[in-house]
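Student: Pasting a structure below so you can have a look.
Every number here is computed from the coordinates shown, using simple stated rules; none is lab data. Owing to the predicted nature of the structure, the values given are computational and were not obtained by experimental measurement.
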Amino acid sequence: MAEKLWVIFAMAVVTYIPRMLPLVVLANTKIPEGFIRWLRFIPVAVLAALLSPQLLLQNSTLSVSVHNSYLLAAVPCFLVAWWTKNLFITVTAGLVAVVFCQFLLS
């Protein structure tokens with residue numbers, strides 16, 4: 001039992017250090033504005049990296065055609081996201097678009 005508690009404690013420390021360390025090191029540092037602007041693109045890049053394989057691949061092959069329902073559903077979803085900038089509306093529009101495209105293509 002004590003070994004499990006040590007493992008849980010070690011995991012907590014290992015998880016906490018990468019979050020706390022930049023705050024401590026950069027607390028009194030003036031970060032350049034260009035670097036701050038660059039950091040704002042990281043969430044978009046990560047989201048694109050996560051979505052691209054799901055949208056462009058079917059059965060481990062590239063599928064950029066009208067038979068790819070996820071790719072078709074992504075188009076109105078991206079437009080709604082760009083227009084509304086609202087996550088809830090975007091997710092709802094994406095779900096409706098996927099259901100509609102699945103129904104249309106089957």
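Student: Return P(r) of the chain (all Cα-Cα pairs; 10 Å bins starting at 0; whole %; ordered from short to long distances).
Tutor: Distribution as computed: 12, 25, 21, 21, 18, 3 percent.
Student: Also, I was wondering about something else. For S63, what residues show an amide H to amide H distance below 5 Å, using hydrogens built from the backbone and excluding near sequence neighbours?
Tutor: Here the answer is L57, Q58, since their amide H atoms fall under 5 Å of that of S63.
Student: Most mobile of A81, A12, A45 per a Gaussian network model of the chain (Cα springs, under 10 Å)?
Tutor: A12
Student: Express the relative contact order of the chain as a whole percentage, based on alpha carbon pairs under 8 Å and six or more residues apart in sequence. Let's see the in-between values first.
Tutor: Details: 44 pairs, mean separation 17.3, N = 106.
Rounded, it is 16 percent for the chain.
Student: Among L62, L95, L26, which one shows the highest mean-square fluctuation when the chain is modelled as a Gaussian network with alpha-carbon springs under 10 Å?
Tutor: With Cα springs under 10 Å in the chain, the top fluctuation among L62, L95, L26 is at L26.
Student: Between I17, I36, I89, find the one with the highest GNM mean-square fluctuation for the chain; connect C-alpha pairs within less than 10 Å.
Tutor: Of I17, I36, I89, the most mobile in the Gaussian network model is I17.
Student: Same structure again: What 222 nm value per residue comes from the helices of the chain, counting each DSSP H run with n ≥ 4 as -39,500 (n - 2.57) and dividing by all residues, nearest 500 deg cm²/dmol? The partial results should precede the final answer.
Tutor: Numbers: 5 runs with 82 residues, N = 106.
Calculated from helices alone, the mean residue ellipticity at 222 nm is -26000 deg cm²/dmol.
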